[in-house]
Amino acid sequence: MKVLQLNTHTSGGSYEYAALLSEALINEGIESRVLCKASPPAKGARFFFDGLIRRASVSFSREPWHGTRRLLPPPGPQELAEVDVVHLHTMADWFDVSRWLEALPDRMGVVISLHDLWHVSGGCFLHRADNRLVNNCRDCPVLRWPASAFLASFELARKLRVYRKRGVQLVANSHWLAEIAARSPIAKACGGVRVIPPGIDTTVFSPQDKNLCRKQLGLPTDAFVIVTGGASLTDENKNVPWLLEQLSHLPDLGGVIVVAFGEGAVRVPDRLNVRFTGGVRERGDLARLFAAADVLVSASLMETYGLTLVEAMACGTPVVAPHVGGIPEAAPDGQGAILYASQDAAAFIGAIMKLRDSPQLRETLGEAGRETVRVRNRLSSLSESFQEIYRECVSRRKNAQPDQSAVIV
């Protein structure tokens, strides 16, 4: 079997998910590769007009939104040669997915991993989409008038027609996301949404000698080290400015060091010692950073799962994170993490202080988190689950008949 994994960008949680799955499949004898949008894009009229479409999307939306009609080139015949299954991950801001899927050979199966709600919505990702999916995305609150009256519902109908016709198999990374996505007519037409927890490489993300890791990173052994970050520190959803502001109110800041990883820069409050690492692409480097930390903290406004939290837990590092989205599934309270109500500054600081004052609690939560990840997030389990879906998908395509009833006017 040959699988082509597609993801728009070469960084972020969805890319790491796709890359890890591909590696796990290869280890099981399945041919798999990950293909992403070319960066930087080529020049020419097509790319110029695609940029205009992208800017237009921004101009008539209040929050992140992307339509399906794009002009960048999709994977061609060379990339699709002998492929049995195409597995789509985060696909907004690349090519016209709906048109491309319609043109795929009938024999190819299609699997979609939901890392957000874009595939089952009229173009938005998380905010407020769950309240509009049951209404076919009419009167979209993300878009400005007059686009709000028709554009999102049009985009939803376009995806629905194609995804149903292709017999797409939908997979979510958390039960929280699956339950919201299931309200979409697309999910209903595709037979629902399955849930498969992400896997991580526990040979890389595992406990290490903390003092040795700190020495390698130039961190003092007697400091209380707090790690935070993500693909981009300026991502509004990560809420990093709020997080740093709250950390600046910790008592005895002289013994605290905050290490922030990710692209971009944010303002540092007075008195807070923050060290920026920039983007960390190598898993081994990220694992060393987690192992050197006393705690990993998050203030995300929304996460469909929380792969970074899981990686830190695998290293034996306790996590402090908000009780939002799929985070309680990724980092259960008391099983490697302390969860707090989103934006509750007192609870956030209180959780960190509990860990700072109790090395025993840090050790207990660290061991519990490592065991949780070992049982739940094995790459072999991820690979086995998707192999089953791939086989089922290919079998269905072989037996499928043209579905004329799938057309929506």
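The values are calculated or read from the model by the stated rules, or taken from the named source; none is laboratory data. Computed from a predicted model, the values in this text were never measured in an experiment. Using ideal geometry, Cβ is built from the backbone for each residue, glycine included, and neighbour counts are taken over all protein chains shown. Side chains included, ligands, DNA and RNA excluded: accessible areas come from the protein's heavy atoms. Shrake-Rupley method; radii C 1.70, N 1.55, O 1.52, S 1.80 Å.
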(request) Assess whether ASP209 counts as being open to solvent by 10 Å² or more (accessible area, probe 1.4 Å) and modelled with pLDDT under 95. (result) no
(message) Take PHE154 and tell me if it is open to solvent by 40 Å² or more (accessible area, probe 1.4 Å) and either of a type outside the set (Lys, Arg) or touching a strand residue (DSSP E or B) at 6+ places or on another chain (Cβ under 6 Å) (or both).
(response) yes
(request) Working carefully through the options THR304, THR317, find the one that is in contact with an Asp or Glu (Cβ under 8 Å, 6 or more places away or on another chain) and either farther than 19 Å from HIS175 by Cβ or open to solvent by less than 10 Å² (accessible area, probe 1.4 Å) (or both). (result) THR317
(request) Only helices (runs of 4 or more DSSP H) wholly contained in the stretch 308-409 count here; list those with 3 or more residues that are farther than 20 Å from PRO198 by Cβ. (result) 345-357, 359-376, 379-399
(request) Would you mind telling me which numbered condition in (1) in a helix (DSSP H, G or I); (2) under 21 Å from GLN246 (Cα atoms); (3) more than 19 Å from the chain's Cα centre (by Cα) ALA265 fails? (result) (1)
(request) Please verify whether the stretch 135-143 includes one or more residues that are part of a helix (DSSP H, G or I), open to solvent by 10 Å² or more (accessible area, probe 1.4 Å) and at pLDDT below 90. (result) yes
(request) Return the only residue of GLU388, GLU329 being closer than 27 Å to ILE186 by Cβ, touching a Pro at 6+ places or on another chain (Cβ under 8 Å) and either small (Gly, Ala, Ser) or open to solvent by 30 Å² or more (accessible area, probe 1.4 Å) (or both). (result) GLU329
(request) Among the candidates ARG214, ARG194, single out the residue that is outside any loop (DSSP other than H, G, I, E, B), open to solvent by less than 10 Å² (accessible area, probe 1.4 Å) and modelled with pLDDT of 95 or more. (result) ARG214
(request) Return the residue satisfying two criteria in turn: it lies in the stretch 296-319 and is modelled with pLDDT of 95 or more and of a type in the set (S, T, N, Q), and of such residues it is farthest from GLY366 (Cα to Cα). (result) SER300
(request) Specify the residue that is surrounded by the most Cβ atoms within 10 Å (Cβ to Cβ); the eligible residues are those in the stretch 366-385 that are charged (D, E, K, R) and under 17 Å from PHE290 (Cα atoms). (result) ARG370
(message) Every residue in the stretch 265-297 that is of a type in the set (Gly, Ala, Ser) and open to solvent by less than 50 Å² (accessible area, probe 1.4 Å), please.
(response) GLY278, GLY279, GLY284, ALA287, ALA291, ALA292, ALA293
(message) Quick check on this structure: which one of LEU170, LEU212, LEU160, LEU151 is aliphatic (A, V, I, L, M) and under 30 Å from GLU363 (Cα atoms)?
(response) LEU212
(message) Go through the stretch 225-257 and report how many residues are surrounded by fewer than 20 Cβ atoms within 10 Å (Cβ to Cβ), farther than 16 Å from VAL268 by Cβ and within 29 Å of the chain's Cα centre (by Cα).
(response) 4
(message) Between a residue in the stretch 7-20 that is among the aliphatic types (A, V, I, L, M) and any residue that is outside any loop (DSSP other than H, G, I, E, B) and surrounded by fewer than 21 Cβ atoms within 10 Å (Cβ to Cβ), which pairs come within a Cβ distance under 6 Å, given they are 6 or more apart or on different chains?
(response) ALA18/VAL34; ALA19/VAL34
(request) Select the helices (runs of 4 or more DSSP H) contained entirely in the stretch 30-119, then report the ones holding at least 1 residues which are at pLDDT 75 or above and open to solvent by 70 Å² or more (accessible area, probe 1.4 Å). (result) 77-80, 97-103
(message) Return the pair list, or none, for Cβ contacts closer than 7 Å from residues in the stretch 331-351 that are of a type outside the set (A, V, I, L, M, F, W, C) to residues that are open to solvent by 30 Å² or more (accessible area, probe 1.4 Å), at least 6 apart or on different chains.
(response) GLN335/ALA368; GLY336/ALA368; TYR340/HIS323; TYR340/ALA347; SER342/LEU301; SER342/HIS323
